[in-house]
1. In the stretch 1-35, how many are in a helix (DSSP H, G or I) and touching a helix residue (DSSP H, G or I) at 6+ places or on another chain (Cβ under 7 Å)?
2. With the structure loaded, tell me whether D14 is surrounded by 11 or more Cβ atoms within 10 Å (Cβ to Cβ), of a type in the set (D, E, K, R) and either out of contact with any Ser or Thr (no Cβ under 7 Å at 6 or more places or on another chain) or in contact (Cβ under 8 Å) with a residue 12 or more places away in the chain (or both) or whether it fails that test.
3. Any residue that is among the hydrophobic types (A, V, I, L, M, F, W, C) and at positive phi - is there at least one of those in the stretch 16-27?
4. Would you mind telling me which numbered condition in (1) of a type in the set (D, E); (2) touching a Lys or Arg at 6+ places or on another chain (Cβ under 8 Å); (3) surrounded by 15 or more Cβ atoms within 10 Å (Cβ to Cβ) D8 fails?
5. Suppose we filter the stretch 6-17 for residues that are over 18 Å from S72 (Cα atoms) and either β-branched (V, I, T) or modelled with pLDDT of 95 or more (or both); how many remain?
6. Residues in the stretch 53-68: is at least one of a type in the set (K, R), assigned to a helix (DSSP H, G or I), touching a helix residue (DSSP H, G or I) at 6+ places or on another chain (Cβ under 8 Å) and farther than 24 Å from N78 by Cα?
7. With within 12 Å of the chain's Cα centre (by Cα), surrounded by 13 or more Cβ atoms within 10 Å (Cβ to Cβ) and either at pLDDT 95 or above or polar (S, T, N, Q) (or both) as the only criterion, which of S63, S44 stands out?
8. Can you say whether L54 is among the hydrophobic types (A, V, I, L, M, F, W, C), surrounded by 15 or more Cβ atoms within 10 Å (Cβ to Cβ), in contact (Cβ under 8 Å) with a residue 24 or more places away in the chain and out of contact with any Cys (no Cβ under 6 Å at 6 or more places or on another chain), as far as the supplied structure shows?
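The values are calculated or read from the model by the stated rules, or taken from the named source; none is laboratory data. Because the structure is predicted, anything quoted here is derived from the model rather than measured. Neighbour counts are summed over all protein chains in view; Cβ atoms, including those assigned to glycine, are modelled from backbone coordinates with ideal geometry.
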Amino acid sequence: MRELVRPDVLILDDFAMRQMTAAQADDLYELVSERQGRSLILTSNRAPSDWYPLFPNPEVAESLLDRLINTSYQVIMNGPSYRPNKRPGGGSPDKASKPSIK
């Protein structure tokens, strides 16, 4: 945990891809609490409103997600995924549509 609290910027990629166990949710809560005042970047394919059911304890979810959502800047990107172009035979990256930022 100390190693994750220390960096000036921590990036959590693909956040909320699947349901968390109680231990995972508690660890994440502790991490976010300990990093108060330090930069945290989350990427997710789900809307923040879809994160709540992924936590087994509604109180932990509410407290954690309140800290993450209500004290953050959100960048919503709409557009096709770049991943199909990275698959073998999926086309060249030059043909990928660029997502728009709102």
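1. Final tally of qualifying residues: 9.
2. yes
3. Among the residues of the stretch 16-27, at least one is among the hydrophobic types (A, V, I, L, M, F, W, C) and at positive phi, which makes the answer yes.
4. Among (1) of a type in the set (D, E); (2) touching a Lys or Arg at 6+ places or on another chain (Cβ under 8 Å); (3) surrounded by 15 or more Cβ atoms within 10 Å (Cβ to Cβ), D8 violates only (3).
5. 0
6. The initial filter retains those residues of the stretch 53-68 that are of a type in the set (K, R), namely 67.
Next cut, assigned to a helix (DSSP H, G or I) only: 67.
Filter again for touching a helix residue (DSSP H, G or I) at 6+ places or on another chain (Cβ under 8 Å), leaving 67.
Next cut, farther than 24 Å from N78 by Cα only: 67.
Scanning the stretch 53-68, I find at least one residue that is of a type in the set (K, R), assigned to a helix (DSSP H, G or I), touching a helix residue (DSSP H, G or I) at 6+ places or on another chain (Cβ under 8 Å) and farther than 24 Å from N78 by Cα, so the answer is yes.
7. Details: S63 fails: within 12 Å of the chain's Cα centre (by Cα).
Only one candidate passes the filter, namely S44.
8. In short, yes.
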